[in-house]
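Let me begin by presenting the structure, written as structure tokens, before commenting on it.
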Amino acid sequence: MKHYIESLLHSDDHQFLGVFVSDDLEKEGVFKIRYLFCDIKSKKLNTVELNAKDTFPHIDIPVLDWYEREIYDMFGLIPEGHPNLRPLMLFPENYPKDFHPLRKDANMNIKYEGYKTYPYEDFDPEGSFKILVGPIHAGIIEPGHFRFTLIGEPILKLEIRHFYKHKGIEKLSEGKTPEEGLKLSERISGDHSVAHSLAFVKAVEKIYDIDIPPKARYIRAILLELERLMCNLNDFAFIFQDVGYSFGAQKVFALKELLMRLNETLTGNRFNRNIIKIGGVSKELDTNAIKEVLGLLEKEYLKYKKLFLNSSTVLERTDTTGRIFYETAKKHAALGYVAKASNIFFDTRAILEKDLYGSLVKAFKLEKGDVSARVKVRFNDIEESFNIIKTFIENMPLGDIAKNIEPKDGEAFGYEEGQRGNITHFLRIEQGLISRWKIRDPSFHNWPIIQKAVLGDIIADFPLINKSLNLSYAGNDL
Amino acid sequence: MLNILKSFLKEGIKTEDITPYNEQNIVIYKKLPKHLKGSLNIRHVDCGSCNACEYELTALSNVFYDIERFGIKFVASPKHADALTITGPITRNMYKPLLDAIQNTPNPKVIIAIGDCSIDGGLFKGAYGIMGGLKDINIEPHILIRGCPPHPRDIISGILKGFD
């Protein structure tokens, strides 16, 4: 089984989507470990299941490192042969030693006390020095710790330590109703409220065995594209800001603000929260308002895209900076624009939801894997979003926007293409309540890649590389 | 260059008044020291939010809200700051860094709680990974701005009202 999983991980026809574990000790006497792949040729999900009692096989590939450490933290299962098994989410400074919260028999009434300090990697070559950054950063961004080892200006090694924002959402959701879960799902990663809640409701709808009305699907797709547009414009503005071009940054930030105001008029919330519900959506969209704002945005956006591509000061900073090579991206099962800029195309909309999107999402990828390639992928995404929204508004079907639901028990995967890449949720409902919910944000795959992307670049380029990846801490740390 | 100048003239000034804001979302526990009015330096500390509050705090600097016209500025270190803005339900892993940041802020320090989570944990109440908001770790903020996330206009108005 181990070799089979290994071969799928290295295969070009399969995209690895995550490891999803559940505690089935009570019923079946084992923990179930599911390795989820997407077969790109047949466009189907492919799950490989392992049963484990105390241990499970360690597979030597970078993408699994965090997964295996997470499984140890959460369930106490030991990946046999893992060379450096350190706590990941439960910091040894703050949590007791044998605390594995996602086990059904976990004792939660414990004293939250640490037992040792976190062991960082031992790397100290002669003549090198370290720069430690975070967890609290200089800008208005989320917390995380970065340890640079440098000789002069170039970066020799970067070690990241995340999960400062670990709240325990997965455990918190257990015993809650799916409606309460939906509220939580909108707050997994704030800027991805729509994408995460869609992944969640899709899993619920699969369990309840309902097909939502076509009109609801279209409205959801438009909301998703509006969110993608907002995030991409935000990233675009930040790239301008981090190369020191504040004129461009302020102009694009203003476009993002227009979009958030559009959201507010459409749904009453600047992040489009509270509109998606199980079985459909709760509100129709004012398509004229969308058309009006998007018309203006598209014209303005093209101006600043031209400004970006024709400005030597910008390109000087972004070209060949922060390169991620194909091999690295593949080994880390990169997702979203990070993968697309490094010659791997995987888009949930184009592969798993072709019936809705048809040929609207093109197989766009670039080879260079540097900051400017990642920006260009975003340009493509922005233009695609404009196109998708326009097409969906024109072809909006008539009919209901929601279906009545009949609660059922069961388990299912739900997935959606967020702006950062594929989001997958695994959900199990027992007696009408959530009994296991595993959330996998694309950032969980993409964060470790940053450790490779910065190598050889100078420390001053780090903020720019970081922004070109713009990963979520909240969705990663959970 | 000429095009840029032309577009400036055509578009005019985009910066807006901060009304209307929602009075109910602003809770003032303590008044802010008067001498900080017109020059308030803020260090932001995210203690486990979902990132939506950070999105709105970033929006404060865009041309529509332009928080710097009120002399409010975000700075890079707690040692440069008069005030800390705190978001999120205070995770166990962020508790110590938060205390460090508070300790390193010179007196009189102002604490501004942003968002529903920051005061009592909000929707994340009961999760094992959180301490449960400022109330639960015995830190009393000067101002609380409610909302999930709060509107940028509410945030600016809330801070300014703290001086009244």
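The values are calculated or read from the model by the stated rules, or taken from the named source; none is laboratory data. Note that the structure is a prediction, hence the values are computed from the model and not measured. Cβ: placed from backbone, ideal geometry, glycine included. Neighbour counts: every protein chain shown.
Considering A:Lys206, A:Lys167, the condition of being within 14 Å of chain B (Cβ to nearest Cβ) and at pLDDT 90 or above is satisfied by A:Lys167 alone.
Of all the residues in region A:415-450, those that are out of contact with any strand residue (DSSP E or B) (no Cβ under 7 Å at 6 or more places or on another chain) and either assigned to a loop (DSSP other than H, G, I, E, B) or farther than 27 Å from A:Ala221 by Cα (or both) number 8. Residues in region A:264-274: is at least one more than 11 Å from chain B (Cβ to nearest Cβ), crowded, with 21+ Cβ neighbours inside 10 Å and in a helix (DSSP H, G or I)? Yes, because at least one residue in region A:264-274 is more than 11 Å from chain B (Cβ to nearest Cβ), crowded, with 21+ Cβ neighbours inside 10 Å and in a helix (DSSP H, G or I). Here A:Gln241 meets the list (1) assigned to a helix (DSSP H, G or I); (2) within 14 Å of another protein chain (Cβ to nearest Cβ); (3) buried (at least 24 other Cβ atoms within 10 Å of the Cβ) almost entirely, failing just condition (3). Of the residues making up region B:52-68, those that are at the interface with another protein chain (Cβ under 7 Å from one of its Cβ atoms) and hydroxyl-bearing (Ser, Thr, Tyr) are B:Tyr55, B:Thr58. Take the conditions (1) in contact with a Gly (Cβ under 8 Å, 6 or more places away or on another chain); (2) of a type outside the set (S, T, N, Q); (3) closer than 30 Å to A:Gly134 by Cα; (4) not in a helix (DSSP H, G or I); A:Leu471 misses just one of them, which is (1).
Taken together, the residues in region A:361-373 that are part of a loop (DSSP other than H, G, I, E, B) and either among the acidic types (Asp, Glu) or in contact with a Ser or Thr (Cβ under 6 Å, 6 or more places away or on another chain) (or both) amount to 3.
Results for (1) among the small types (Gly, Ala, Ser); (2) in a strand (DSSP E or B); (3) in contact (Cβ under 8 Å) with a residue 60 or more places away in the chain; (4) farther than 27 Å from A:Thr348 by Cα, shown as yes or no for each residue.
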| site | (1), (2), (3), (4) |
| --- | --- |
| A:Leu8 | no, no, no, no |
| A:Leu17 | no, yes, yes, no |
| A:Asp23 | no, yes, yes, yes |
| A:Glu26 | no, no, yes, yes |
| A:Leu50 | no, yes, no, no |
| A:Ile59 | no, no, no, no |
| A:Val63 | no, no, yes, no |
| A:Pro79 | no, yes, no, yes |
| A:Asn84 | no, no, no, yes |
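Taking the condition of being of a type in the set (Asp, Glu) and within 22 Å of the chain's Cα centre (by Cα), how many residues in region A:145-173 meet it? Qualifying residue count, region A:145-173: 2.
Scanning region B:69-103 for residues that are within 7 Å of another protein chain (Cβ to nearest Cβ) and assigned to a strand (DSSP E or B), we see that the one that is surrounded by the most Cβ atoms within 10 Å (Cβ to Cβ) is B:Thr91. Exactly one condition in (1) part of a helix (DSSP H, G or I); (2) without any contact (Cβ under 8 Å) to a residue 60 or more places away in the chain; (3) of a type in the set (Val, Ile, Thr) is not met by A:Thr320; state its number. For A:Thr320, the exception is condition (1). State whether one or more residues within region B:123-145 are more than 7 Å from chain A (Cβ to nearest Cβ), part of a loop (DSSP other than H, G, I, E, B), surrounded by fewer than 23 Cβ atoms within 10 Å (Cβ to Cβ) and free of Cβ contacts under 8 Å to residues at least 12 places away in the same chain. Yes, because at least one residue in region B:123-145 is more than 7 Å from chain A (Cβ to nearest Cβ), part of a loop (DSSP other than H, G, I, E, B), surrounded by fewer than 23 Cβ atoms within 10 Å (Cβ to Cβ) and free of Cβ contacts under 8 Å to residues at least 12 places away in the same chain. Selection of region A:237-274 for residues being within 23 Å of A:Arg374 (Cβ to Cβ), at pLDDT 90 or above and aromatic (Phe, Trp, Tyr) yields A:Phe238, A:Phe240, A:Phe253.
Could we say that A:Lys340 is among the basic types (Lys, Arg), assigned to a loop (DSSP other than H, G, I, E, B), surrounded by 17 or more Cβ atoms within 10 Å (Cβ to Cβ) and assigned by TED's automatic domain parsing to the domain that holds A:Ala453 here? For A:Lys340, the condition - among the basic types (Lys, Arg), assigned to a loop (DSSP other than H, G, I, E, B), surrounded by 17 or more Cβ atoms within 10 Å (Cβ to Cβ) and assigned by TED's automatic domain parsing to the domain that holds A:Ala453 - is not met. In region B:104-117, the residue that is surrounded by the most Cβ atoms within 10 Å (Cβ to Cβ) out of those that are away from every other protein chain (no Cβ under 11 Å) and either free of Cβ contacts under 8 Å to residues at least 24 places away in the same chain or in a strand (DSSP E or B) (or both) is B:Ala113. Taking every residue in region A:158-183 that is in the same structural domain as A:Glu406 (by TED's automatic domain parsing) and pairing it with any residue that is among the charged types (D, E, K, R) and surrounded by fewer than 17 Cβ atoms within 10 Å (Cβ to Cβ), at least 6 positions away or on another chain, yields no pair with a Cβ-Cβ distance below 6 Å.
Picking from A:Ala412, A:Ala453, A:Ala402, which residue would you name as being touching a helix residue (DSSP H, G or I) at 6+ places or on another chain (Cβ under 8 Å) and closer than 17 Å to A:Ile222 by Cα? Within the list A:Ala412, A:Ala453, A:Ala402, the selection yields A:Ala402.
Residues that are away from chain B (no Cβ under 12 Å) and either in contact (Cβ under 8 Å) with a residue 60 or more places away in the chain or more than 30 Å from the chain's Cα centre (by Cα) (or both) within region A:112-144 comprise A:Tyr115, A:Lys116, A:Asp124, A:Pro125, A:Glu126, A:Gly127, A:Ser128, A:Phe129, A:Ile131, listed in sequence order. Applying the set (1) surrounded by fewer than 21 Cβ atoms within 10 Å (Cβ to Cβ); (2) out of contact with any strand residue (DSSP E or B) (no Cβ under 7 Å at 6 or more places or on another chain) to A:Lys277 leaves exactly one unmet item: (2). Annotation: of all residues in region A:21-41 being hydrophobic (A, V, I, L, M, F, W, C) and touching a His at 6+ places or on another chain (Cβ under 9 Å), the one that is surrounded by the fewest Cβ atoms within 10 Å (Cβ to Cβ) is A:Ile40. With respect to A:Gly432, is the statement that it is among the small types (Gly, Ala, Ser), on the phi > 0 side of the Ramachandran plot and outside the structural domain of A:Glu70 (by TED's automatic domain parsing) true? When the stated conditions are applied, A:Gly432 passes them.
Only a single criterion out of (1) more than 23 Å from A:Lys330 (Cβ to Cβ); (2) of a type outside the set (S, T, N, Q); (3) in contact with a helix residue (DSSP H, G or I) (Cβ under 7 Å, 6 or more places away or on another chain); (4) buried (at least 21 other Cβ atoms within 10 Å of the Cβ) is not satisfied by A:Gly475, namely (1). Only one of the numbered conditions (1) crowded, with 20+ Cβ neighbours inside 10 Å; (2) more than 13 Å from every other protein chain (Cβ to nearest Cβ); (3) not in a loop (DSSP other than H, G, I, E, B) is violated by B:Ile155, and that is (2). Checked against the criterion of being surrounded by 14 or more Cβ atoms within 10 Å (Cβ to Cβ) and either of a type in the set (S, T, N, Q) or assigned to a loop (DSSP other than H, G, I, E, B) (or both), the candidates A:Tyr72, A:Tyr95 yield just one match: A:Tyr95.
In the set A:Asn232, A:Asn288, only one residue is crowded, with 21+ Cβ neighbours inside 10 Å and either over 26 Å from B:Asn62 (Cβ atoms) or in the same structural domain as A:Ile382 (by TED's automatic domain parsing) (or both); that residue is A:Asn232.
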